[in-house]
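Structure first, commentary second.
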Amino acid sequence: LCWYGGATAKAASSLLISNGKAESVIVAGNGEFDHWVAGELQRYFERFSGAQIPIVTPAEARQQARGMAWILVGSPQANELVQEAVTRTLVNFDGLKTDGFILKTLRLDGRQALVVGGGTDAATMYAAYDLLERYGATFLLTGDILPEKKPTWELRDFNLRSNPAFQRRGLL
């Protein structure tokens, strides 16, 4: 059980993928697990569209990804661009429970960005899978059900803060 506050799915002014070409980059935090989560987002969006969204570091995003939207993966401690968004009060991680996470679309350095993160590695993973579900994926023990493959995917407008109803998500 989770409490979801203020999530919307209206289209933002940017695209993740346009006509089978990546129009965004996934900016991974500095941890190994954040890179794995970024790889999961990359893998699923490729299955959704046929296009591979590049995974880059924050420094590479600033230098090489001019005009592209950013998908920022990780916590403020792990990803300097997420920390920058926190410093500018564009997103707030205060008060998140251990497995709580945030999906927040914002403008950072003149471009659309989507923060996909939590205070822990597990919470960041939950944020990524929640995002994929909001784009149409269903995860079942018997296999994933994916949305119809299409060449263009919009960056949607999210303002979601999710805290589990219990101390931890999942079953023990």
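The values are calculated or read from the model by the stated rules, or taken from the named source; none is laboratory data. Keep in mind it's a predicted model, so treat the numbers as computed, not measured. So basically every Cβ, Gly included, is an ideal-geometry build from the backbone, and we count neighbours across all protein chains shown. For accessibility, only protein heavy atoms count, side chains too; no ligands or nucleic acids. Shrake-Rupley method; radii C 1.70, N 1.55, O 1.52, S 1.80 Å.
How much length is gained on full extension from residue 166 to residue 94, taking 0.36 nm per residue of separation minus their Cα-Cα distance? Present the calculation step by step, with values, prior to reporting the outcome.
Values: separation 72, 0.36 × 72 = 25.92 nm, distance 1.78 nm.
Stretched out fully, the residue 166 to residue 94 stretch lengthens by 24.1 nm.
What's the center-to-center distance, using Cα atoms, between the stretch 28-90 and the stretch 127-155 in Å?
Their Cα centres are 18 Å away from one another.
Could you order peptides 113-124, 77-88 by the average number of other Cβ atoms within 10 Å of their residues, highest first? Kindly include the intermediate steps, with their values, before the conclusion.
Numbers: 113-124: 24.3, 77-88: 19.4.
Put in order of decreasing packing, that is 113-124, 77-88.
Count neighbours as other Cβ atoms within 10 Å of each site's Cβ, and list the GluC sites (Glu not before Pro) in the stretch 126-169 that are DSSP loop with at most 12 such neighbours.
Values: sites: 133, 148, 154; in loops: 148.
Passing both the DSSP loop test and the Cβ count: 148.
Run the numbers for residue 46 and residue 141: contour at 0.36 nm per residue of separation, minus the present Cα-Cα distance, in nm. Kindly include the intermediate steps, with their values, before the conclusion.
Details: separation 95, 0.36 × 95 = 34.20 nm, distance 2.12 nm.
Once the chain is fully extended between residue 46 and residue 141, it gains 32.1 nm.
If you roll a 1.4 angstrom probe over the protein chains with everything in place, what fraction of the accessible area of the chain belongs to carbon and sulfur, to the nearest %? Each step should come with its number before you reach the end.
Numbers: 4330 of 8550 Å².
Of all accessible area on the chain, carbon and sulfur atoms account for 51 percent.
What is the antiparallel percent of DSSP beta bridges lying wholly in the stretch 63-127, to the nearest 5? Intermediate results must be reported in sequence, preceding the final value.
Details: 8 of 12 bridges.
The answer is about 65 percent antiparallel.
Diagonalise the Cα gyration tensor of the stretch 98-172 and give the resulting equivalent ellipsoid semi-axes, square root of 5 times each eigenvalue, largest first, whole Å. Display every interim value, and only then the final one.
Values: eigenvalues 101, 81, 13 Å².
Ellipsoid half-lengths, sorted descending, are 23, 20, 8 Å.
When the solvent-accessible surface of protein heavy atoms is calculated with a 1.4 angstrom probe, in what order do 17, 55, 145 fall, highest first?
Numbers: 17 0, 55 60, 145 90 Å².
My answer, sorted largest first, is 145, 55, 17.
Would you list 150, 104 from the most to the least accessible area, probe 1.4 Å? Could you put the intermediate results ahead of the total?
Working: 150 85, 104 45 Å².
My answer, sorted largest first, is 150, 104.
Output the relative contact order of the stretch 43-115, whole-number percent, from Cα pairs under 8 angstrom with separation of 6+ residues. Don't jump to the answer; show the numbers that get you there.
Values: 63 pairs, mean separation 19.5, N = 73.
Reported relative contact order: 27 percent.
Based on the inverse mean of 1/r over its pairs of different Cα atoms, what is the Kirkwood hydrodynamic radius of the chain, in Å? Working shown, then result.
Details: mean 1/r = 0.0628 Å⁻¹.
Hydrodynamic radius (Kirkwood, Cα only) of the chain equals 15.9 Å.
Please get the size of the charge dipole for the stretch 52-172, origin at its Cα centre, with Cβ charges of +1 on Lys and Arg and -1 on Asp and Glu, quoted in debye to the nearest 20. Mind showing how you got there, number by number?
On the way: 14 positive and 13 negative charges, 42 e Å.
Its charge dipole is roughly 200 debye.
Would you mind telling me the antiparallel percentage of the DSSP bridges in the chain, rounded to 5? Write out the running numbers ahead of the final one.
Values: 21 of 32 bridges.
Counting only bridges with both partners in the chain, antiparallel ones make up about 65 percent.
Nothing charged except the Cβ atoms of Lys and Arg (+1) and of Asp and Glu (-1): what's the magnitude of the dipole of the stretch 14-88 about its Cα centre? Round to the nearest 20 debye. Intermediate values should be presented prior to the final figure.
On the way: 6 positive and 8 negative charges, 51 e Å.
Rounded to the nearest 20 debye, it is 240 debye.
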